[in-house]
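The values are calculated or read from the model by the stated rules, or taken from the named source; none is laboratory data. All figures in this text were calculated on a predicted structure; none of them were measured in a lab. Cβ coordinates were reconstructed from backbone atoms using ideal geometry, including for glycine residues, and neighbour counts include every protein chain displayed.
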Amino acid sequence: MAAVRPEFRAEDLVFDPRDPVFGGPPCAVSGCDRPHRRQGLCTSHWQRWRGSGGVSLAEFAATAEPGWHGHLPLDSCAVAGCNYGAMGRKMCQRHLRQWHRAECPDLAEWQAPAPLLPPDGPPPACRIGYCSLWTRGTSVFCYGHDIRWKDNGRPDTDEFAASCEDPGPGQEHIDLRRLPAGLRLEMQYVLQCRGDEQDAKLPPREVHPLAAVLAAAGASSLLEQPEEWWTALDAPGNGRGWRPFILDARRRVEALAFGAGWDTEYPRDTWRLCNLGIDQPAATISFAGIPQPWLRELAKRYTRWQLATGLSASTAGSGARAVTRFAAWLASLPGPPAGLDGVTRPLLERYLAVLQAEMGGQVRHSNYVGGLSGFLKAIRRHGWDDTLPATTAIYPEDFPARGARLPRGLAAHVMAQVEQPANLGRQDNPAYRLITLILIRCGLRISSAAGLAFDCTVADADGAPYLRYYNTKMKREALVPIDDELFRLIGEQKQRVLQRFPAGAPVLFPRQSGNLNGRRPISSHTYRSALCRWLEDCDIRDEHGQPVRLTPHQWRHTLGTVLINRDVPQHVVQKLLGHASPEMTAHYAHIHDHTVRDAFDRYQQQRVNTDGELLPFDPEGPTATAEWVKHNLSRVRDSLPNGYCGRPPQQDCPHPNACLTCPDFQTTPEFLAVHREQADTNRVLIARAEDGGHFRLATNLRRVQASLDRIVPALEAILQEGGSDD
Ligand code: SF4
Ligand SMILES: [Zn+2]
Ligand SMILES: [Zn+2]
Ligand SMILES: [Zn+2]
């Protein structure tokens, strides 16, 4: 524990009142040096103000004595010649009693008797140096100080007097004297870390009760007991603050003692990701729910491998949860398998049936199946355990059918209300308002927006502004163009940040509390709560008059859908939204997409097959479903240059590159030019094949030609009926 510096080695830690973590800006009472704790006042001035009966804060701050509450001279009895301490009605105990006996006459007129003094003159002055009041009875203190001495458990009178004379740090110190030496050193180390990090305030008076619990615990080191033991201790007050404090403290001490990294974390049943250098919201991954040691070991190996390949902590954690659930189910069986060799395919089938019954249709259903499938595959592929039966595997058909994902973009009606300046103005926190605008206009994920860097704008060669953000899902930086208004608003936000953190802060939206150096960005959760309150304030309603509940992510969907409906090319939208694949963008487009819808309608009315026959619209046919539209119009169209594939998307093509002779092929007039061109080329090819003696090829080409000769006139006929050739 050489890690503790001398200034933190004191048994009774006193801090610089201006320390950003343990102290703070000074109390509003002039001359009072203590840090302000409540409403601009130090704790004792605040208490005195509360007891002052209705004086305004400003008046109190301007007039109050800077001395500490409890360290000022006490009032003496108001009766002339009496120097006993006042008890009630500004009189000492004796005079008060005499006044009562006289049946409480008017105080101004009452002729109070002179004080009864001992025969050898007035009693000595109170033992406390600054108090000149007479001592009370046999006590060495005046009336008031005697009460306080008794309240303090009748300590040594000289010590008590000394402690009153030197006000000391009051509540602004952390007394670790009661802790055993080892534990004290650990606490000193923890406090030093908290002081160095300067993330959150830690007022000493909040540490006092925690130190008391530690002292009563009877342990000589935090590492002597596991985390659960510490968190289960009787916490002070309502227990708030104890759990995070003790967990944090124990982890720091453990990391100091054993170091961080895989060697420390791997054997644990709960991995603390911060110790693995993973700075992601999911703070831990737990294997504690896996009762079988052999399965737990494999689950850890699987999870470590996943993390090592760069998967996010939440994905790896979801895999661990899938194994945990399976393990718990195995353990609940009457004759649970004793090893991996007992995990058979029939067992898996039973488990899949249980999952289906419990959570069929929910998204997590396929997460649980997928997590387990990946786990089994990894065991086999990496040879982690050869006893895994050869047939134990999960097949693609075992996965639940993917339910239709409905478009989640917001109706224009709702967006119009959201974007009304009057409504935007209702959000009184300008930072939240700016985040809202960034989400709406740039379609960022909330995690990307909340974590924007302070320097997040760049200009291109023409001076047009861009927002630079970190795509939290794809783990890469990205740029999105912004308008001048957003650029200006971001500039204003920077000014606000600089006002709060004159030395600068690395983030554009610093967290409100627990963020002394401005390093921590606001959390998505904080923004979401503010969003909920704001929506309620604005009373935003849908077209049925119902209050709207929306998530920040819906703005992303909305932007994607609006852009595609305005005919912004899909690859541009993909780039703007930072999608990894065109499929993700296609999902945003979905059936809200008029472009696709129009093509679909045209297609439905104008399809011909390779015989040139007009195909009737069959609402039961595979091509009638939105799924088919999505699959074909946005995907297969790219690969078929001359029409559409009519096979259900689940079926593979049995004869690629032969569409023109395939019964599943369908085409529409928009491909007429392609067909005409191909017919011309094809004729040349047939002639060449015949000249070269390639009769088999020539036969095939003639079959294609026959289709084309039927398709082209049929499409021309459709166009003539429709009267347009575009
Ligand atoms: S050959 Fe037939 S099944 Fe294959 S892609 Fe072309 S139309 Fe579809
Ligand atoms: Zn004060
Ligand atoms: Zn008196
Ligand atoms: Zn006194």
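Worth a mention:
- Contacts under 6 angstrom Cβ, first residue in the range 255-278 being acidic (Asp, Glu), partner modelled with pLDDT of 85 or more, 6 or more apart: GLU265/TRP271; ASP269/PHE287; ASP269/ALA288
- Some residue of the range 192-201 being part of a loop (DSSP other than H, G, I, E, B), away from ligand 2 (no atom under 16 Å from the Cβ), closer than 30 Å to ARG5 by Cβ and polar (S, T, N, Q): yes
- Considering ARG37, ARG50, the condition of being within 11 Å of ligand 2 (Cβ to nearest atom) and either closer than 30 Å to ASP106 by Cα or within 43 Å of the chain's Cα centre (by Cα) (or both) is satisfied by ARG37 alone.
- Of the helices (runs of 4 or more DSSP H) contained entirely in the range 52-154, those carrying at least 3 residues that are within 15 Å of ligand 4 (Cβ to nearest atom) fall at 143-151.
- So GLY137, is it within 16 Å of ligand 3 (Cβ to nearest atom), modelled with pLDDT under 90 and either basic (Lys, Arg) or more than 19 Å from ASP12 (Cα to Cα) (or both): yes
- The set of residues in the range 53-92 being closer than 22 Å to TYR130 by Cβ and away from ligand 3 (no atom under 16 Å from the Cβ) consists of THR63, ALA64, GLU65, PRO66, GLY67, TRP68, HIS69, GLY70, HIS71, LEU72, PRO73.
- Cβ-Cβ under 6 Å pairs, at least 6 apart or on other chains, the range 132-146 side away from ligand 2 (no atom under 16 Å from the Cβ), far side of a type in the set (S, T, N, Q) and assigned to a helix (DSSP H, G or I): VAL140/THR157
- Filtered residues of the range 63-95 (kept if buried (at least 20 other Cβ atoms within 10 Å of the Cβ), more than 12 Å from ligand 2 (Cβ to nearest atom) and of a type in the set (A, V, I, L, M)): VAL79, ALA86, MET91
- Among residues of the range 516-545 that are more than 23 Å from PRO421 (Cα to Cα), those with a Cβ under 6 angstrom from a residue that is assigned to a loop (DSSP other than H, G, I, E, B) and among the small types (Gly, Ala, Ser), sequence gap 6+ or separate chain, pair up as GLY518/ALA505; PRO521/GLY451.
- Matching residues, the range 503-536, being among the aliphatic types (A, V, I, L, M) and within 12 Å of the chain's Cα centre (by Cα): ILE522
- Counting the residues of the range 227-250 that are outside any helix (DSSP H, G or I) and either buried (at least 17 other Cβ atoms within 10 Å of the Cβ) or over 27 Å from the mean Cα position of the chain (by Cα) (or both) gives 5.
- Criterion (within 13 Å of ligand 2 (Cβ to nearest atom), aromatic (Phe, Trp, Tyr), more than 26 Å from PRO124 (Cβ to Cβ) and touching a helix residue (DSSP H, G or I) at 6+ places or on another chain (Cβ under 9 Å)) met by exactly one of PHE8, PHE15, PHE22, PHE60: PHE60
- All of (1) in contact with a Ser or Thr (Cβ under 6 Å, 6 or more places away or on another chain); (2) over 30 Å from LEU41 (Cβ atoms); (3) of a type outside the set (Phe, Trp, Tyr) hold for CYS82 with one exception: (1).
- Residue that is farthest from GLU613 (Cα to Cα) [pool: residues in the range 651-684 that are crowded, with 16+ Cβ neighbours inside 10 Å and at pLDDT 85 or above]: ASN682
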